[in-house]
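A short write-up of the structure that comes next.
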Amino acid sequence: MLKSLLAGAALLLVAAPGAAAAQAGAALDCVVQATDADLKASIGNAMTGAGDDASREALFKRLAAVVDGCIGRHGIADAQKGDYFDYSLARISREWLIGELTRSKLSNLPVDKVLDFGPDGANPDLSADMTDDQIGAIVQAYTDAGIDIETIDQTVWEKVGAYAAATSIYWNKRKALPF
């Protein structure tokens, strides 16, 4: 009997981290999965400067309703609401922008590499403006990747910049969330 209890307790200890990771993943994915494609595209376009302040505010309110639903579903604490909203907004923008860059025959990977984005990266804070050095590093990274930067349209460069800003927020807010 004691052997069965110990085996059961050991199984719970082994399974608990996996279950916790699955719950965290579900919370992180919730807003993206619950947001329709039209809203995602509208958010992505807004992050590249499309629309006016009133239309962006309306988009943020629509997204906030989705975020609030996920907060309730996953029991996210009030103190984490702001970071969760920002993470979700940045993730939707980032994923949409990756698609846009791909359609323009550009990869996001040179930006990720040169700005050291990622789970273990430096993830510089680009929520304000990028420095001239950061912009130059991105241009050089694309040049080093064999891209003729003179052929890239200005609207695509704007998406590259928006991608860098969204990715910065994405990783920094992801790290701020405790799950």
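So what is the diffusion coefficient of segment 47-138 in µm² per second by Stokes-Einstein at 20 °C and 1.002 mPa s, using a Kirkwood Rh over Cα pairs? Spell out each step's value before the answer.
Numbers: Rh = 15.4 Å.
Here the translational diffusion coefficient equals 139 µm²/s.
Ranked from the most accessible area to the least, with a 1.4 Å probe and all protein chains present, what is the order of Lys40, Lys175, Lys113?
Numbers: Lys40 60, Lys175 105, Lys113 170 Å².
The residues order as Lys113, Lys175, Lys40, largest area first.
Evaluate E = 1/(1 + (r/R0)^6) for Ile147 and Ala34, where r is the Cβ-Cβ distance and R0 equals 45 Å; express this FRET efficiency to the nearest 0.05. Could you put the intermediate results ahead of the total?
Values: r = 36 Å, r/R0 = 0.79.
According to the calculation, E is roughly 0.80.
Segment 102-179: percent of C-alpha pairs farther apart than 14 Å?
Numbers: 1824 of 3003 pairs.
Roughly 61 percent, rounded to a whole number.
Under 22 Å Cα to Cα from Lys81, which lysines show up? Leave out anything in the same chain fewer than 8 places away.
Straight-line reach from Lys81, under 22 Å: Lys40, Lys61, Lys173, Lys175.
Residues of segment 28-91: accessible area per residue at 1.4 Å, in Å²? Kindly include the intermediate steps, with their values, before the conclusion.
Values: 3180 Å² over 64 residues.
Result: 50 Å² per residue.
How large, in Å, is the chain by the Kirkwood hydrodynamic radius built from its alpha-carbon pairs?
Working: mean 1/r = 0.0553 Å⁻¹.
Computed over the chain, the radius equals 18.1 Å.
The values are calculated or read from the model by the stated rules, or taken from the named source; none is laboratory data. A quick note: this is a predicted structure, and the numbers were derived from the prediction, not measured. Using ideal geometry, Cβ is built from the backbone for each residue, glycine included, and neighbour counts are taken over all protein chains shown. All accessible areas refer to the heavy atoms of the entire protein, side chains included, with ligands and DNA or RNA removed. Shrake-Rupley method; radii C 1.70, N 1.55, O 1.52, S 1.80 Å.
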